[in-house]
Each structure stands twice: as C-alpha cells, then as structure tokens.
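Undergrad: Take this structure, written in structure tokens, and hold onto it; I'll ask about it next.
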Amino acid sequence: MAGKDKKVKVPRATMPEQAPEVRRRNFMEVPLGLTDEMAITEAARCLQCKKPACVEGCPVSVDIPGFIQKIADGDFSGAIERLWDKNALPAVCGRVCPQEIQCEGNCILGKKGSSVAIGYLERFAADKARELGSGTLPKVADKTGKKVAVIGSGPSGLTVAGDLVVKGHDVTIFEAFHQTGGVLVYGIPEFRLPKDIVASEVATLEKLGVKIELNSVVGTTVTIDELFEEGFDAAYVGVGAGLPRFMNLPGENLIGVFSANEYLTRANLMKAYLFPEYDTPIAKGKNVVVLGAGNVAMDAARTAMRLGADTVKIVYRRSREEMPARAEELHHAEQEGIEFVLLTNPIQFFGDDDGRLNGMECLKMELGEPDESGRRRPVPIEGSEYRIDCDLVVVSVGAKANPLLTNSTPDIDLNQWGNIVADPATGKTSKKAVWAGGDIATGMATVILAMGAGRDAANSIHDYLTIGW
Amino acid sequence: MFKIVSREEMAQGTIILNEIEAPRIARKAKPGQFVILQVNEKGERIPLTMADVDPDKGTITIIYMVVGKSTALFGKMAVGEEYFAVIGPLGKATHIENRGKVVCVGGGTGIAVLHPITRALKDAGNHVTTILGSRNKDLLILEDKMANASDTLHICTDDGSKGHHGFVTDVLKDVLEKEDISLVVAIGPVPMMKFVSAITKEKGVETLVSLNPIMVDGTGMCGGCRVSVGGETKFACVDGPEFDGHKVDYDELSNRLRAYLNDEQKSVDESEKNA
C-alpha cells in the first residue's frame, strides 16, 4: 500500500472537549464532537484494509471501513446508512463503547502509531444525521404477522427490537420505567451521554414501527406466560442487572450511604441535579467517597463533583493497573480533580446521633499472589486502619441479577448467581420461545456486549419465527 | 392511561382518595401490595400501598395525606386528569389465612392500607378485632368500611373526641389480656408500629407491620428502601413491604425517612413561591 506510511504520519484527531475546570461543575457533555474538516481528515487516515481487523473486534460487525470511506468522501448520509445497517444505536456506541479494546484495538495503524479514531467518527456520523435529519432508514421487510415482546429497553433490547422490526416482525418493547433506554438513561450521566440522544435513537426505532409500553414491570404487571396468552410468539429478556451489591459493612444503612444505582438513578433518570425544578432530591456531599473503580464508579464520582463536592475520592482495594474503568473515563475523572485512593479497603462507616454518615474507616492493602482472576490479590496491612471524613458514600461494587422477572417464570433456568442461562451463540433459554441477553444473562458488562448479545438473539428469534425452535 | 375516575376528600380535605384507571395493575393486585405514582414528567416517584382494587372496572384506589409537594400536586388533580406514570403491583402480597382471632391496628392513612387486608382476613374466616387511632374524630377515615370488615371495632382519639381517649396501644393491651390472639397486623405511623410491636413482642403474639420507606424505582434496583430486619438488610420494595414487626429496626427507619427533610421543605417553599 503506497499511502500507508504517509497515513501513519498524519496525527490522530484530538477530540475537542470542555476544559476540566469548567466541566467539573456542569452537566453538559464533555467531548464537543469533531468538525466536518476534522472528521474528513481523520476518515482519510483509514487504510481501507481488505480484511479489516477492526470489524472483527466489533460485537455487532459494523462495516467500519465502509462508513469511514463515506465520511472521507464527504457523504455523511451514506455514512449513517452504513452504520444503521448493523447498529441501531451509533450515537450511543460512538460515545460509550470501549473502542480501545475492540475496533480501535485491532486497527493496523495502531501497531505503528495511533489507530483511526473510529469511535469519534461513528459519533460524528450519527450526530450529523440527527442534526441534518439526513440518511434513509433501513427498508422494513414485508410484515410476517409474528409478534415479539422485548422486555427491557436498554441497549440489548433496543438492538433486538431494531433488528426484528426491520425483518418485518411486530415488535413491542415493555419498559418498567417511565422512560426508555434502560442503563443509558438511568445509569450513564448526561455529561457522558446526553439523554436527548438516547431519545432520538429510540425515536428512530419507533419510526421503523417498534411499539413501546412504558411502566410495565414484566414479572409483576404482566408475566411472560401472560404475554404469550395475549398473542406474542416470542419474548426477549434484556432486563439488565438490576440489584445493587452492598458490602455488608457496619453502618451501611446510615443516611448518606447510597448504591451507585440509587445515586445515579436520582441524578440521571429523575434529573435530581435540576432539583427543585425537578422534584426528586439528591444528597449533595461536601466530602464524597466512591467505593469501586469501574465505569459506574467514575460516573458517580464525576456526578458528585458536578453537584458541588469539595473533595471526591475513589477508594479501591487494588492498584491503578486493575481499575476496570475505560481509560478515557479514568483520564477524565482525574482531570476533573477526582482523587484515587488505591490499595485501600473500607471496613466500617460512622454516623452522628441522627444516623447521618460522617466518616469511614479504611484499611491499607498491599498486593500479594495472583488470585483466581489472575490479578494480584490485595492483602490487608495489619494495623493500618485510618479514618476518612466524608458525608456521602456511593457503593459502586457491581450489581447482581434482579429476581423480579425470573421468580415469576420458574421454567427459565438460572445459574448459581441468579443470572438466566442463555446459549452464548443464540441467547436461547431453557424456556421455549424465550431468549435472554445482556447483563441479566452475563452479569455486569458493557453496552456494546449487550448489543452484541441482542444481535445474536434477534437472528435466532427470526429463525424461530420463520423456521422453528 | 392512569385517568382519575373518582376523587374524594376525607378528614377535612387533608386526606384524598383517587380511583385511577390502571387495568393491568388492577387485574394482578393483591392486598398489601403497592404502586409507584408520578404526577408529571418532573415529578418524584411516590410509593403508596393500594387501598382497593376493582379488577372488573380496571381501577385501583389510593388514599394519601397531603404532606409535601408531590402529594399536594396529586391532591390538585381533578377527575378526568391523568397521572404521568403508575407502576405496579409492587412488593409481596399479605399472606392471608385463617388464624382464628386476629387484631388489626390502624393509624392515620395506614387505615387505608389496612382495610383490604382486614377484609381479606375476615373473608378467610378470622374473627377480626380492629383498633383505629387518629388525632381527633375529624381526621379518622374509613370508619364504616372498617366496621363492615371487622367483628369488633374500637376507636381511639388523642383528644378524646371519639371513642377511647388515648392511644391504640391502651386498647390493644386490653384485648391481648382478654382474648387469645394469634396475629396482629399494625399499619400506621412508625412510632405506632414500634409501640404496638413492643407490646405484642412481650406477649409473644406474631405481628405484621407494613413499611413505607423512601424509594426510587420500587423494583429492587436502587436499595434506597433498605431496612434492618432481625439484623439483616432487606429491601422493603421487593422483600416487603410487610415484615415481622418484632424484628424491624424502627429507629433506623425513622432516621432514614428524614433523609431529605431539608430538600422536601425547599421543594414546598419553591412551589408555593411559584404559585
């Protein structure tokens, strides 16, 4: 390839961002998006590999060189159409996918210099289409007359709905909350994923014919068997990991100790950061501690900073290397003044006479031998207990499977953790005509893996509806 | 969806009844279960235990006291207007069986929650003694309905304007003394449930209480409603709302109910300023 060396030398686009000292006190989106010129220049860096490794790294097999070529040609409508072929949520994925371990991690340019900024370009194409109202939606196949119930409107449910409606099936999404999007609206904050973007992606699905029933808690408002009695031919369960994990430490029920789910749901879904314009309140801590070091922990920490905290600490029992959050989230958090207190484990929480949190006790750790996860096991240092003063703690150490739906459907097999057992290739469960995917099947993972599971299940559901179980 | 089909003011307008169209919920709801309501897109999610359901008509009934901004907004809605969201039925239903002689103790709007449970206990063949308490006779609700659902009804008022002058616990002690009671169901303000449970614990009489802590989603997702029961943390929304009254940590519950006191006042002040 003649131009290859030249392309390696063109620097990767840098995403314009709100300055850290400004954005740490507002809820507006941090990255501002590429300009047309920046996007075209970046797109031109793509080598257009014959066997694109980037596509292999994508759980939903987006035609990455294809949409990038369209951007390079200045054909932005063509770019979004290529994306929509494989991905119903490009504006979301461009923002929240861990590209560094997927598409961009596989990019040949990355071996010698910097990979193509595939995430930035995906976001650019999706934002451009939304801004201009451009791009023709995928063609919907002739109606099959088959009805599919999609339970949960998070990333995997939305993917299933989009895929199946295009194949001509009659799709209804059942959502427990009053708003669609699942974790995209209750979990991921506005400054990382603006909610009007999620709403616009859902509106695209509605334009394709997807129906939505809000305020429907499947398992209690209606059961899966009742949905079958109502005439549905197949059901997809994508209800997420909706049960917070606490640490069972003394003082955990003091006022001021929250699960990340509660803290973020108040802030994001209920828009408590706009209180009292919105009615739901949220605790505004002066000295905040977030326990855990995943993406959700970073979201909670950065939210606390935006709500006016003086100090925000991430307390994590392992070292920097093991922090599971995306590189970009860690970087943004640090830029905004979030302090990482590593190799430190909480032991108990302290409160005043009114039951309000005012501090916690921690123990310092050191790294020992590798554990079953392959990571070095943190071992307590004896006598290293010390106190951290804090008035707000967010426990962000993961979530378990919520049993509300599965309790009402005893013929769906669960594993020892309560997750639904689903065939990894197809999403099929032990119950006929029921599929599952995303966090309820895999345990807590990422948006794009949930979407990948949704894609596989949608193909399998289509086969069932047209061929058989 | 969620249209108000009838509305009633009780207790001099401080307590409101709404019968709401919610066919899916009405088909499934059982005594003891609750719903979460949201008045508009900006509204807070408020959990309320259902006072009645009519599966044929497709309606549910809630009865609430106007105490803050959200319930004030609920109270202003007229027949024909719609709630933005109603979700349910949530929580576990009351376990109803024939236990012989039972006592139902209700206070304030807790009486509304107690009514369908009392009726179900009576229908299951129990001999039901009911003790209702309120500050004065004008604040007492559902007296006739509770009389119909009970074999014996006692009224207590703090000011003596009706029935026994004093607390429900006075009458309860009396009843426990004279009769062989196998179950007490107590629903009302936290201090009432706490004192009732203290008395029944001493006598060794099984006691159920229904808790209404602060919640967000009501489906087990947020853990905001956690309560300590017998030293274990439970989520009132999915493990409850009913618990063994002898094991609940009422002081922790009272504290947690006060978590947003300042914000609640701010919210009321702000909305009054705007009005």
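Each value in this text was obtained by applying a stated rule to the coordinates, not by laboratory testing. These numbers come from a predicted model, not from an experiment. As a convention, Cβ positions derive from the backbone with ideal geometry for all residues, glycine included, and neighbour counts pool all protein chains shown.
Undergrad: Roughly how big is the stretch B:16-73's charge dipole about its Cα centre, with Cβ charges of +1 (Lys, Arg) and -1 (Asp, Glu), in debye to the nearest 20?
TA: I would put it at about 220 debye.
Undergrad: Could I ask something else about it? Can you pull out the GluC sites (Glu not before Pro) in the stretch B:72-132 that DSSP calls coil and that have at most 13 other Cβ atoms within 10 Å?
TA: Those satisfying the criteria are B:GLU81, B:GLU97.
Undergrad: Within 10 Å of each Cβ of A:174-186, how many other protein chain Cβ atoms are there on average?
TA: 2
Undergrad: Moving on to the next point. Efficiency by 1/(1 + (r/R0)^6): what FRET value for B:ASN40 and B:LYS273, r their Cβ-Cβ distance, R0 = 22 Å, to the nearest 0.05?
TA: 0.75
Undergrad: Another one. Summing +1 for each Lys or Arg and -1 for each Asp or Glu, what net charge is found among the other residues whose Cβ lies under 9 Å from the Cβ of A:GLY355?
TA: -2
Undergrad: Continuing with the same structure: Taking a spot 7 Å from the Cα of A:VAL10 along the direction of its beta carbon, which residues of the stretch A:63-82 have an amide N less than 14 Å from it?
TA: A:68-75, by backbone N distance to the label point.
Undergrad: Related question: Find which of A:PRO378, A:LEU357, A:CYS390 sits farthest along the positive direction of the dipole of the stretch A:304-431, computed with +1 on the beta-carbon of Lys and Arg, -1 on that of Asp and Glu, about the Cα centre.
TA: Comparing the listed Cα positions along the dipole, A:PRO378 ranks first.
Undergrad: Which GluC sites (Glu not before Pro) in the stretch A:267-371 pass both tests, a DSSP loop state and at most 16 other beta-carbon atoms within 10 Å?
TA: Here the sparse-neighbourhood loop sites are A:GLU277.
Undergrad: Considering only Cα-Cα distances, which of the following residue pairs are longer than 24 Å: B:LYS137/B:LYS201; A:LYS400/A:LYS428; B:LYS28/B:LYS194; A:LYS211/B:LYS3; A:LYS146/A:LYS400?
TA: B:LYS137/B:LYS201; B:LYS28/B:LYS194; A:LYS146/A:LYS400
Undergrad: Only Cα pairs under 8 Å and at least 6 apart count here; give the relative contact order of chain A as a rounded whole percent.
TA: Averaging sequence separation for qualifying contacts and normalising by length gives 15 percent for chain A.
Undergrad: So, with +1 on the Cβ of K and R and -1 on the Cβ of D and E, and no other charges, what is the size of the charge dipole of the stretch A:318-438 about its Cα centre, to the nearest 20 debye?
TA: Dipole magnitude for the stretch A:318-438 comes out near 760 debye.
Undergrad: Follow-up. Report, as an integer, the average count of C-beta atoms from other chains found within 10 Å of each Cβ along A:272-279.
TA: Rounded to a whole number, the mean comes out at 6.
Undergrad: State to the nearest 20 debye the size of the charge dipole of the protein assembly as shown about its Cα centre, where the only charges are +1 on K and R beta carbons and -1 on D and E beta carbons.
TA: 1680 debye
Undergrad: Given only helices, namely DSSP H runs of n ≥ 4 each adding -39500 (n - 2.57), what is the per-residue ellipticity at 222 nm of the protein assembly as shown, to the nearest 500 deg cm²/dmol?
TA: -9500 deg cm²/dmol
Undergrad: Which trypsin sites (Lys or Arg not before Pro) from the stretch B:174-275 combine a DSSP loop assignment with at most 16 other Cβ atoms within 10 Å?
TA: B:ARG258
Undergrad: At a Förster distance of 35 Å, what's the computed FRET efficiency of B:ASN136 paired with B:LYS57, Cβ-Cβ distance as r, to 0.05?
TA: 0.55
Undergrad: Placing +1 on the Cβ of each Lys and Arg and -1 on the Cβ of each Asp and Glu in chain B, which of B:ALA72, B:MET10, B:THR61 has its Cα farthest towards the positive end of the resulting dipole?
TA: Working it through, the farthest residue towards the positive pole turns out to be B:THR61.
Undergrad: Quick one, could you list the DSSP H helices from chain A stretching 20 Å or more along their long axis (Cα atoms) with average Kyte-Doolittle hydropathy of -0.5 or above?
TA: Qualifying helices, which must be both long enough and hydrophobic enough, are A:118-132, A:447-466.
Undergrad: What FRET efficiency comes out for the pair A:GLU21/B:ARG27, r = Cβ-Cβ distance, R0 = 45 Å, nearest 0.05?
TA: 0.25
Undergrad: Only counting other Cβ atoms within 10 Å, I'd like B:THR94, A:THR14 sorted with the fewest neighbours first.
TA: So the residues, fewest neighbours to most, are A:THR14, B:THR94.
Undergrad: Now, a different point. How shielded is A:251-259 by partner chains, expressed as the average number of their Cβ atoms within 10 Å of its Cβ atoms?
TA: Mean partner shielding for this stretch: 4.
Undergrad: Give me the net charge for the shell around B:LYS137: Cβ to Cβ below 14 angstrom, other residues only, Lys and Arg +1, Asp and Glu -1.
TA: Charge balance near B:LYS137 sits at -3.
Undergrad: Starting from the Cα of B:LYS122, draw a straight line to each of the aspartates and glutamates and keep only those under 20 Å, dropping any in the same chain fewer than 8 residues away.
TA: Output for B:LYS122: B:ASP52, B:ASP54, B:GLU97, B:GLU143, B:ASP144, B:ASP151, B:GLU179, B:ASP180, B:GLU206, B:GLU242.
Undergrad: Moving to a separate point now. Sum up the charges of everything whose Cβ sits under 14 Å from the Cβ of A:THR35, counting Lys and Arg as +1 and Asp and Glu as -1, but leave A:THR35 out.
TA: Charge balance near A:THR35 sits at -4.
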